[in-house]
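Note sheet for the following structure.
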Amino acid sequence: MGPGKALAGSFWVLFAVISCSLWWGCQPSDSAPNESKPRHVILVSLDTTRADRLGPWGGDPELTPNLSRLAGESLVFEQASSPAPTTLAANTSLLTGVPPLAHGVARNGFMVHPENVTLAELLGAHGLQTLAVIGSFALESIFGLDQGFARYDEEFGLEYLPGLYDQNQRRASDVTSRALELVDASLESDPDKGLFLFTHFFDPHTPYDPPDYALREVGLKDGDRADLRQVAAVVMNHQDAAAGVRLGPRWVFSNGLRPELLDGATGDPAAGGRRLARLYDAELRFLDDELGRLLEGLSARGVLEDAVLIVTGDHGETFWEHGDFWNHGLALYQTTIHVPMLIRLPGGENGGSRFPEPVSTLDVVPTISALLGLACPDAAVGMDLSRVWRGEELPLRAIISEATQPIGDIERGQDWPNALKAKAVRRGPWKYILTPYLGGREELYNLEEDPGERTNLLLTGEVDALERATELRGELLRWSQAHSPLPSSFNDSQSDAILERLGALGYVGEDD
């Protein structure tokens, strides 16, 4: 029996004997903030945005000049993780400070239970005007994430279209324009009231349809695009190169990854891969420009300088690095869970500071609560990050993420739909991944020495690796024991809306 199987076999034994929870609750700083409280709160969520493609996190600074400029005025967290690599689950965690295993949203399409306390509810009760501008149907109000928002704008200009748009959405330019319109209306209606603005940009998500000027910036020709069919073809090229199979993205979405895909991924691009990556970069360039326009508009209105601004992401996207080609949700490699995070304090205080400690987007709610002098919601499990720029150290802790795919038979008969899907725990540089539905497949990486997660240390037979994996598995088990999900169910509205749209376009009849 190999080391991975031996560890898998002891998983449930450890679960039975470990009863105490070391999961960190909402931890405030021991010292009260010295600076004055921000008047406004701006929270920006970048969908499907890999941190490593952005200037402040090691990418090309010329690709994202506005983010690079903003980083010079902000506190940059180099190693932020998302608790889930899918839009609704991750953004629900961002706005509640609660992991999916507690807030109950397993993946897109599930309902946000009203017992969850959102940041909008917290800040609305504090007297702020609460505004949201949403970039895709995944966050539409029918799923309940609009709790606490006085205005929740979800007017999408791009509707579902087979092979092109997999859901209703809108471009970054429309998100920015609408956000500034709502800010103007709010300032006009009550200029003495502070604002909480949540903006969600969706553009880096497939399909790739950037404006021509952004294409030219990355060396592509005007009119270059990649619809969902083209992306699927590139995925199959990579699957074929890795394992000699052409399953397709929909097959793995419903049935899961196969070991030969994970083991066969060399980290090198196959046919069409580099072009898709450049199209993705063009989408990032467009997004960066629109983020810059939003910040310029907020500055011109006198909002930015008296605000705490947090820019982060919900998840990334694997290209060719691992077997989950052009996917987010199936696996938990850094390509999908390492997200950008920076905090700009009023006046750019402490700008340019960088922090290498692992953090989570679950830390946003506790940090904003502390900055405004508010009691953190009881269910929030993150930490107040303001302690680090006051000279305090963050305690070493477990950072947990859980996969949200596949979505087929694996979910049936489970108390929690994600129970058998991949889970990851990071503690310092060490990262452990467990995938129960693949026979308890286990992986261990040292991210300082192996940031690309190429060498599974459990396959080396090193005693230290086995001991480290046992320790991290224990963290994962304690986390599992510490939380139970609020009730939720899948909302079929998206499916019904898609069928209605297809019928209007003539794609389906009554029997379909």
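The values are calculated or read from the model by the stated rules, or taken from the named source; none is laboratory data. Everything numeric in this text was worked out from a predicted model, so none of it was measured. Cβ atoms come from the backbone with ideal geometry, glycine included; neighbour counts cover every protein chain shown.
Structure values in brief
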read-out: Residue within the range 299-311 that is surrounded by fewer than 24 Cβ atoms within 10 Å (Cβ to Cβ), in contact with a helix residue (DSSP H, G or I) (Cβ under 6 Å, 6 or more places away or on another chain) and more than 30 Å from Leu131 (Cβ to Cβ) present; value: no
read-out: Selection within the range 443-472 - surrounded by 19 or more Cβ atoms within 10 Å (Cβ to Cβ) and within 23 Å of the chain's Cα centre (by Cα); value: Glu443, Leu444, Tyr445, Glu453, Leu472
read-out: Residue within the range 386-397 that is at pLDDT below 95, surrounded by fewer than 17 Cβ atoms within 10 Å (Cβ to Cβ) and β-branched (Val, Ile, Thr) present; value: no
read-out: Pick from the range 336-352, criterion modelled with pLDDT of 95 or more and not in a strand (DSSP E or B), ranking: surrounded by the most Cβ atoms within 10 Å (Cβ to Cβ); value: Ile337
read-out: Subset of the range 290-310 [in contact with a His (Cβ under 9 Å, 6 or more places away or on another chain) and of a type in the set (D, E, K, R)]; value: Asp306
read-out: Unmet criterion (only one of (1) closer than 26 Å to Gly135 by Cβ; (2) assigned to a helix (DSSP H, G or I)) for Asn327; value: (2)
read-out: Lone qualifier among Val339, Val359, Val364 - being touching a residue at least 40 places away in the same chain (Cβ under 8 Å) and farther than 30 Å from Trp320 by Cβ; value: Val364
read-out: Those residues of the range 71-106 which are within 12 Å of the chain's Cα centre (by Cα) and farther than 25 Å from Leu394 by Cα, in sequence order; value: Thr86, Thr87, Leu88, Ala89
read-out: Any hit, the range 317-332, residues being of a type in the set (Val, Ile, Thr) and in contact (Cβ under 8 Å) with a residue 40 or more places away in the chain; value: no
read-out: Long-range neighbours under 7 Å by Cβ, at least six apart or interchain, first residue of a type in the set (Phe, Trp, Tyr) within the range 273-300, second buried (at least 22 other Cβ atoms within 10 Å of the Cβ); value: Tyr280/Pro204; Tyr280/Tyr208; Phe286/Ala172; Phe286/Asp203; Phe286/Pro210
read-out: Enumeration of residues in the range 398-429 that are in a strand (DSSP E or B) and surrounded by fewer than 19 Cβ atoms within 10 Å (Cβ to Cβ); value: Arg427
read-out: Candidates Leu88, Leu63, Leu145, filtered to the one that is free of Cβ contacts under 8 Å to residues at least 60 places away in the same chain and assigned to a loop (DSSP other than H, G, I, E, B); value: Leu145
read-out: Leading residue by the ranking (farthest from the chain's Cα centre (by Cα)) among those in the range 250-275 that are crowded, with 21+ Cβ neighbours inside 10 Å and either at pLDDT below 95 or part of a helix (DSSP H, G or I) (or both); value: Leu261
read-out: Neighbours by Cβ (under 7 Å, 6+ apart or cross-chain): first from the range 173-192, touching a residue at least 40 places away in the same chain (Cβ under 8 Å) and under 18 Å from Arg293 (Cβ atoms); second assigned to a helix (DSSP H, G or I) and small (Gly, Ala, Ser); value: Leu180/Gly297
